[in-house]
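The values are calculated or read from the model by the stated rules, or taken from the named source; none is laboratory data. All of these numbers come straight from a predicted model, not from anything done at the bench. Heads up, the Cβs are rebuilt from the backbone with ideal geometry, glycines too, and the neighbour counts pull from every protein chain shown.
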Amino acid sequence: MSNFNKRVHFKNKKRKIEVGASPGTINIPDDALKPQIVVYSFNETDLQSSKGCDLKTITAQLKKCTNHTHWIKINGLGDAALIEDIGTFMGINHLVLEDVVNTHQRPKFDEYEGYVFGTSRIIYFNDEGELINCQFSSIVKDNIIISFEESHLDYFEPVKTRLKAGKGIIRTAGPGYIFYALTDTILDNYFVVLSQLGDRIDATEDKLYERPDKSIMFEAQQLKRTLIIIRRSCWPERDKINDMIRSESELITKEVKIYLRDAYDHCIQAMDMVESYKEVTSSIIDLYLSMVSNRMNEIMKVLTIISVVFIPLTFIAGIYGMNFSRQDDHGHLIPDNMPELYWPHGYVYALILMFGIGAGLLFVFWKKGWFNKL
């Protein structure tokens, strides 16, 4: 949780837009990474892999392993020619290739003749504490699944580990199951991010009770923004999985749909957590503002008490500070002009009167319980 001790930065990527471009145009972002290709070919008894950075890596592996299922894993989208060559080789519509490189897609599932296409959002915190929100795309065709990722980060290591272990049905259930496994891994990592955010929300709430300051409101707003980003991914991801369950494509088998229902439940659970955390962060902001308002009321009450005590004292001091003359110019007494000014102990009497009024007012406030609420 050390990454949360500083402000969370949201790594935003500028969208490259060409107004009026024809459909299917492949526009590669300027900061896109060069592709790294790994091809995993597997069946019940065998697993082979090869690495490269061009189409030959793919074609050579497919020719070598003819009775295998193939997972073509591409990290980096910085080569338009390679993307087009893969699309031509696999018979992929240019609109699909456009969605692959246009990395601001919402999660979705589309069916085409002979293949299906899906996108998801990968969300995680990097080592610098930045919230990364990048796109994952995949195409399922016959015995092949092609996955596209923006970064070189090995995000699907658990799936690779399962492939190497060869346990369960991951090697025998076809590319549709790999599609499910990758989607489920993305959902599982949502829970990791939500767990981190939950710890941060608890810490912010504890800080609110122990030593509230204005940084709490900023932290809560920052957490709320993060939750909104996750919510934007979870909601369409739910619809995407639901479309996969209802799909009539032979690539999404009945066996895979059973597992997709479990992934659908995970997605609903993540959405519930997001909504709950959003309510908590909103309540933290509201509670902090209420505490600030109450504190201001307490300060105003103290100032009011002080003002009420000193107003009559100031009034008395103001009256006896007017210093109207007791005698006229001829030495005659003026009876109505403050005879108290010439009393032998008038100053002491005035102080006693002021002290008595102040003490009396404080006693009244104490009886009303005002001091207990400060």
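For THR314, which of the numbered conditions (1) surrounded by fewer than 14 Cβ atoms within 10 Å (Cβ to Cβ); (2) of a type in the set (Ser, Thr, Tyr); (3) touching a residue at least 12 places away in the same chain (Cβ under 8 Å) fails to hold? Checking THR314 against (1) surrounded by fewer than 14 Cβ atoms within 10 Å (Cβ to Cβ); (2) of a type in the set (Ser, Thr, Tyr); (3) touching a residue at least 12 places away in the same chain (Cβ under 8 Å), the one that fails is (3).
Just to check your reading of the model, which residue among ASP202, ASP213, ASP127, ASP188 is in contact (Cβ under 8 Å) with a residue 12 or more places away in the chain, of a type in the set (Asp, Glu) and either within 26 Å of ASP46 (Cα to Cα) or out of contact with any His (no Cβ under 8 Å at 6 or more places or on another chain) (or both)?
On the way: ASP202 fails: in contact (Cβ under 8 Å) with a residue 12 or more places away in the chain; ASP213 fails: in contact (Cβ under 8 Å) with a residue 12 or more places away in the chain; ASP188 fails: either within 26 Å of ASP46 (Cα to Cα) or out of contact with any His (no Cβ under 8 Å at 6 or more places or on another chain) (or both).
One residue alone meets the criteria, ASP127.
When restricted to residues that are more than 20 Å from LEU77 (Cα to Cα) and either surrounded by 20 or more Cβ atoms within 10 Å (Cβ to Cβ) or in contact with a helix residue (DSSP H, G or I) (Cβ under 8 Å, 6 or more places away or on another chain) (or both), the range 164-190 contains 17. For the range 58-109, the set of residues classified as of a type in the set (D, E, K, R) and either outside the structural domain of ARG238 (by TED's automatic domain parsing) or assigned to a strand (DSSP E or B) (or both) consists of LYS73, LYS108, listed by residue number.
Looking at the range 325-337, is at least one residue polar (S, T, N, Q) and loosely packed, with under 12 Cβ neighbours inside 10 Å? Show your work before the answer.
Filtering the range 325-337 down to residues polar (S, T, N, Q) leaves 325, 327, 337.
With the extra rule that they be loosely packed, with under 12 Cβ neighbours inside 10 Å, the set shrinks to 325, 327.
For the range 325-337, residues polar (S, T, N, Q) and loosely packed, with under 12 Cβ neighbours inside 10 Å: present.
Across the range 266-288, not a single residue is classified as without any contact (Cβ under 8 Å) to a residue 40 or more places away in the chain, surrounded by fewer than 16 Cβ atoms within 10 Å (Cβ to Cβ), at negative phi and not in a helix (DSSP H, G or I). Scanning the range 46-86 for residues that are free of Cβ contacts under 8 Å to residues at least 40 places away in the same chain and closer than 20 Å to GLY166 by Cβ yields a count of 9.
Quickly run through the range 160-181 and pick out the residues that are touching a residue at least 12 places away in the same chain (Cβ under 8 Å), over 26 Å from the mean Cα position of the chain (by Cα) and outside any loop (DSSP other than H, G, I, E, B).
Our first condition is that a residue be touching a residue at least 12 places away in the same chain (Cβ under 8 Å); within the range 160-181, this holds for 160, 162-164, 166, 169, 171-181.
Pick out the ones that are also over 26 Å from the mean Cα position of the chain (by Cα) and you get 160, 162-164, 166, 169, 171-179.
Within the range 160-181, LYS160, ARG162, LEU163, LYS164, PRO175, GLY176, TYR177, ILE178, PHE179 qualify.
Restricting the first member to the range 87-104 and to residues that are touching a residue at least 24 places away in the same chain (Cβ under 8 Å), and the second to residues that are buried (at least 19 other Cβ atoms within 10 Å of the Cβ) and part of a helix (DSSP H, G or I), the beta-carbon pairs closer than 7 Å and six or more apart or on different chains are HIS94/GLY87; LEU97/ILE83; LEU97/GLY87; VAL100/ILE83; VAL101/ILE83. Considering THR69, THR119, the condition of being crowded, with 16+ Cβ neighbours inside 10 Å and either aromatic (Phe, Trp, Tyr) or under 31 Å from the mean Cα position of the chain (by Cα) (or both) is satisfied by THR119 alone.
None of ILE357, ILE352 is touching a residue at least 24 places away in the same chain (Cβ under 8 Å) and either under 26 Å from ILE305 (Cβ atoms) or assigned to a helix (DSSP H, G or I) (or both) except ILE357.
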